[in-house]
Amino acid sequence: MNKLLLVAALSTLTAPGWAATNTVRLSVPTMDCPVCPITIKKALTKMPGVSQVEVSFDKRLATVTFDDSKTTVDALKTATTDAGYPSTLMEHTK
């Protein structure tokens, strides 16, 4: 019985109970060629916790779905900037 309580307590403490999936739209105005979205998508996909990335060259927009316990909006913006494409937050939904 004590082992069962210990396992239950440990699983409660280690479960990501506060994690949430978020989606952000980042404006990336410096995209100027059809290859730019590939570079931006690669940079964002490498980020921990990112589960989905869509980049629109026509709209100069990146939509990113991520786990907020593993990364932040600022880290995503830094990833695009480090790849050569500074971005700004347009929309954030939880």
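Since every read-out is calculated from the coordinates, none of them should be taken as a lab result. Keep in mind it's a predicted model, so treat the numbers as computed, not measured. Here the Cβ is made from the backbone with ideal geometry for all residues, glycine too, and neighbour counts use every protein chain on show.
Things worth noting here:
- Separation of the K70 and T21 label points, Cα + 7 Å toward Cβ, nm: 1.2 nm
- Cross-link partners of K94 among lysines, defined as those whose alpha carbon lies under 25 angstrom from its own and excluding same-chain residues fewer than eight positions apart: K41, K42, K46, K59, K70, K77.
- Over the range 19-93, the alpha carbon radius of gyration divided by the compact-protein estimate 2.2 N^0.38 Å works out to 0.97.
- Cut-off 20 Å (backbone N to label point 7 Å along Cα→Cβ of T39), residues of the range 58-84: 58-64, 75-84
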